[in-house]
Structure formats: structure tokens, C-alpha cells
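Single-structure report; data block below.
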Amino acid sequence: MNTGKVETWIANGIATIEFFHPQSNSLPGVLLHNLATEIENGGKNEEAKVIVIKSIGEKTFCAGASFDELISITDFETGKKFFSGFAAVINAMRKAPKFVIARVQGKTVGGGVGIASAADYTLATEAASIKLSELNVGIGPFVVGPAVERKVGTSAFAALAINASEWYSAQWAKEKGMYVNIYTTVQELDKAVEELATKLSQSNPEAMMMLKKVFWEGTENWDTLLHERAEMSGELVLSKFTRDFIEKFKQGAR
């Protein structure tokens, strides 16, 4: 549990993929790899007709990149590999031949915003505010950027990326198209997710697969694009600005 976990179970045609990390559901490299693998497996499993991605707890859906792992990066290859983990998750969601529903029960940052954006249908609570904080660290939301921009448009993505210290409300995210709907309580959210997933589990798999292809037309280059973006982040994480920021963070944590 100290290093987090990713678990999958399939029931009534619904593959539920749940992740957890004790540090506000942040995502270190191992969890990113496991999450991408479970999404790929869910897409291949004939018992699963639809995929639901969720996390444990109520306050935070996902805190994004694991800062402990981020501060340990000292070379380009390690940085590229770490950020490629986010690329793998987004591409797995994109290429899964089934609809992916994201259940966002609380605040989400960075890579978590990427997951919420890469899902085909995202439902959230009123507490599920979002933030792209990467520029504060000196990096920028390069890997998740294509998914976020595709979902909310260039103007809204630019606002998130530039004002990196600002929390944007769940209502704002709904108005921009990231969230389809928002709910007052987690219980209401869970009911809505279950009802939608159940309906989809009883729909024509071939029709849903074809619709998914239509929805994602024009993203065929993302296998290459997102890994190129991971290289950009892997380079910037070694910059003087970012190293100085990390050093200040270390001193403040002591």
C-alpha cells in the first residue's frame, strides 16, 4: 500500500480499474506502467464491454506526477522514461476499443487532468476542481497537453497551462467540456457512473468500437507525438530553474 496499487475487476460487462497512492493518488512510474497495462488488458478482454477508471478516497482523484520520483531524476533517459509513463496511459485510453468512463470524485492535478481529458466520458463531483501546475515547476503540461486541448479547446488549455497556480472549478471544467456532468455528492456520482456503464455494457460492442474510432480520428500520430513531448519534459526537468525549484522544495520539506 505504501507504494500504491492498481486493481481491476470485471463484473456484468464492466471493467473497473482502480488506482491508489498514499500521497494523494499521485502517480509514480510503476503505477503509470501498471495503469497503462490494465487499460490495455481491459480493452482486450472480451468479458469487458466498457471500462471505468477511478481512484480510492474522496478528496483527490489524482495529484499527477509523483514529486518524490520527480526530484530523484538526474539524467535525461530517466526523465524521458518517467514522462513516457503518462504518454502510455493516455495512449492506452485512446486506443482501447471500448469506451472509457472516468469517475473524478475530487481535485485533480497535472497528469490527473490528462486522464480526465483522455476518457471518452467523464463524470465528476462539484469538488473536482482542476489545475495544470507543471509550469510552476518549470516544465509545462507537454504530455497531457494534446488530450486536454482536444477536450476543452486551445483557449481553455492555454488558460490552464499559463495560470499554473490557479484552481479551476468543476463547473468551469463542465462548461469547457471536460466533464459531461457534475454531482453534489460522491454517492450521486457513483450512481450516475453505474447507470451509464450498465447501459453501455448492454450496447452493441461493434457499434461502440466504431464510434470510438470516429471520436479519435486525427490522433493517429499520438504514439509518436506524446513520446516526443515526454522528451521535452525529460529535458526540462534537468533545467536550472527546475533543479532550483526542487532544491527549495527539499529544504522546505525538511
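Read-outs throughout are calculated quantities, based only on the coordinates presented, and are distinct from any laboratory measurement. Small disclaimer: the values here were computed from a predicted structure and weren't measured. Using ideal geometry, Cβ is built from the backbone for each residue, glycine included, and neighbour counts are taken over all protein chains shown.
Every Cα-Cα pair of the stretch 5-201 was included, and the share exceeding 27 Å stands at 22 percent. Relative to its residue count, the stretch 163-254 spans a Cα convex hull of 198 Å³ per residue.
Distance between the C-alpha centres of the stretch 40-105 and the stretch 109-183: 15 Å, rounded to the whole angstrom.
Potential lengthening of the chain between GLU188 and GLN171 amounts to 4.5 nm, from the contour at 0.36 nm per residue minus the alpha-carbon distance.
Loop-located GluC sites (Glu not before Pro) across the stretch 147-240 with a Cβ neighbour count of 14 or fewer within 10 Å are GLU166, GLU217, GLU220, with loop assigned by DSSP.
For the residues ILE182, ILE39, ILE56, a GNM of the chain with alpha-carbon springs under 10 Å puts the largest fluctuation on ILE56.
For the chain, hydrophobic long helices are taken as DSSP H runs at least 18 Å long by C-alpha position along their axis with mean Kyte-Doolittle hydropathy of -0.5 or more; these are 29-44, 76-95, 186-201. Sequentially through the stretch 129-139, phi angles give Karplus couplings (6.51, -1.76, 1.60; θ = phi - 60°) of 6, 10, 7, 9, 8, 4, 5, 4, 7, x, 10 Hz, Gly and Pro residues having no value and appearing as x. When DSSP beta bridges are restricted to pairs lying wholly in the stretch 5-201, around 30% turn out antiparallel.
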